[in-house]
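Structure, as structure tokens:
The values are calculated or read from the model by the stated rules, or taken from the named source; none is laboratory data. Owing to the predicted nature of the structure, the values given are computational and were not obtained by experimental measurement. FYI the Cβ positions are ideal-geometry reconstructions off the backbone, even for glycines, and counts take in every protein chain you see. In case anyone asks, the SASA skips ligands and DNA or RNA and just uses the protein heavy atoms, side chains included. Shrake-Rupley method; radii C 1.70, N 1.55, O 1.52, S 1.80 Å.
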Amino acid sequence: MEAEVTIERYADQGRCIAHIDGRVVFVRFALPGERVKILLDEPRRKKDRLWTGEVTEVLEASPDRVEPVWPLAGPVAWAGGLGGADLVHVSRQGQTQWKQTVVEEQMKHLAGLDLTVPLTQVPEDEPEDGLHWRTRLDLVAGNNGHLAMRKRGSHDLLPLDTMPLASRRLLNLAQEQGWWSQTFQLGDHIRISVPEPRPGQESSVGQTPGQEAGVQQSASQTGNFGFLVNGKVVSGRRNLTEKVVVTLPFIQNSPLDLSYTVDAEGFWQVHRMAPQILVSEAVQRMFSAGGKDSSLIWDLYSGSGLFTLAAATAFPQARILSVEGAPVAVKNARENSAAAGLDTITSQEGDVYKTLKNLSDTTLAHPQIILLDPPRSGAGRKVCNLLSSSQAETIIYISCNPASLARDISYLRQGGYELTSIHAYDIYPLTHHVETICLMSRHNTPEV
């Protein structure tokens with residue numbers, strides 16, 4: 001069924017809201033204030049409370065609308081259909097406004113906080129027009145055996161001959177290795193992981209003994225990449241090296257030169273600059289919260305130790321308890337700590353709630369600072385209640401999902417914390433995703 005609607009406001013997941021006969025319709029590839037034609041998705045039973053649809057024609061355009069820089073990720077009616085870039089029709093300024101608004105609205109509706117949330121774009125993204133930032137790709141083999149992505153909302157596979165969101169280092173390697181023309185078995189899952197040098201360490205990443213300083217080798221020369229098919233390494237290697245250099249004015253031995261071993265198929269911040277940005281911002285907030293005087297810091301949902309290593313290096317007087325559920329990530333985190341010569345870190349493997357609830361070492365039970373970076377689903381009520389009962393003075397919450405973040409902030413406010421700072425970062429250009437860092441401080445009486 002087709003319809004003509006006026007778009008009213010932003011919604012979540014890269015959609016906007018319109019109404020048809022009083023019924024809410026979530027519309028993809030729209031912008032507030034526009035008059036558009038849409039095609040409604042199936043099923044759309046009259047008794048359904050919510051409908052969804054996609055723009056087929058723009059009758060009155062928003063000033064923030066631009067031609068999609070990656071047409072394949074645009075509307076199906078415009079020969080698109082791929083997922084992964086749901087704001088491809090929005091200007092960079094419009095994306096900033098969209099993401100700020102969504103974070104602010106979630107904080108208002110779910111956390112009861114009416115505030116302005118500043119949002120920072122990554123300077124390195126500007127020359128690329130929001131493209132070329134992904135250092136990891138998950139693809140599938142299509143009907144012709146070539147690399148493909150699933151069409152949005154279906155099982156159909158659309159073949160690729162490039163992927164514009166991928167970093168230039170990854171694309172250069174894919175071209176060199178002939179991956180776009182290579183054939184696989186239908187349905188094969190392909191993971192490509194290619195670490196990329198970041199500002200401050202271009203001359204050292206992947207550098208071999210005797211190599212002239214300042215000369216950057218390609219990924220194929222260093223071998224620091226992973227090409228996996230159905231979980232098996234076909235080219236490159238499984239254990240990759242990621243380096244992060246963080247300049248912190250309050251640390252005598254700054255900049256921190258951090259090195260991590262990470263699994264090619266495991267989790268790592270996918271934007272090439274995200275590890276550097278998030279570590280810098282998190283550690284600075286730890287410092288402002290009294291990190292140099294803390295004796296115990298918790299790092300929860302800690303992965304391979306991105307924040308753990310930085311906190312232990314910046315605050316050597318503190319013990320660090322890290323908790324992560326993925327066994328491979330915990331293994332790598334322990335190896336990373338040992339390689340850095342850090343003996344103040346205790347890495348625990350397991351569910352965060354169960355692990356903290358059953359801590360056998362009571363000296364690890366009462367942190368001064370808690371940092372958590374949970375998955376999109378957030379920490380949840382049980383974990384938030386446990387964090388509140390720890391009596392930590394400061395909680396630093398890093399989130400990629402404004403909705404679960406706002407919900408959890410509400411729980412923490414009920415547990416006796418107040419939000420003292422919030423800042424969003426657009427480290428996922430052309431998508432609806434946004435990273436947000438919140439600092440919460442304990443006050444005297446929990447809310448009833």
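Quick rundown of the values:
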| read-out | value |
| --- | --- |
| Flag if ALA406 is within 30 Å of TRP133 (Cα to Cα), open to solvent by 10 Å² or more (accessible area, probe 1.4 Å) and not in a strand (DSSP E or B) | no |
| LEU139, sole failed condition from (1) in contact with a Leu (Cβ under 8 Å, 6 or more places away or on another chain); (2) part of a helix (DSSP H, G or I); (3) not small (Gly, Ala, Ser) | (2) |
| When residues of segment 154-196 are limited to those that are of a type in the set (Gly, Ala, Ser) and part of a strand (DSSP E or B), the one nearest to ILE427 (Cα to Cα) | ALA166 |
| Filtered residues of segment 70-107 (kept if touching a residue at least 40 places away in the same chain (Cβ under 8 Å) and within 30 Å of GLU418 (Cα to Cα)) | GLN95, THR96, TRP98, LYS99, GLN100, THR101, VAL102, VAL103, GLU105, GLN106, MET107 |
| Selected residue (only one of THR346, THR363 is open to solvent by 30 Å² or more (accessible area, probe 1.4 Å), in contact with a Ser or Thr (Cβ under 8 Å, 6 or more places away or on another chain) and over 23 Å from ILE437 (Cβ atoms)) | THR346 |
| Condition check for ALA18: closer than 25 Å to ASN401 by Cβ, without any contact (Cβ under 8 Å) to a residue 40 or more places away in the chain, open to solvent by less than 80 Å² (accessible area, probe 1.4 Å) and assigned to a loop (DSSP other than H, G, I, E, B) | no |
| Of all residues making up segment 130-168, the number that are modelled with pLDDT of 90 or more and of a type in the set (Asp, Glu) | 2 |
| Candidates GLU42, GLU4, GLU54 - the one that is open to solvent by 20 Å² or more (accessible area, probe 1.4 Å), acidic (Asp, Glu) and not in a loop (DSSP other than H, G, I, E, B) | GLU4 |
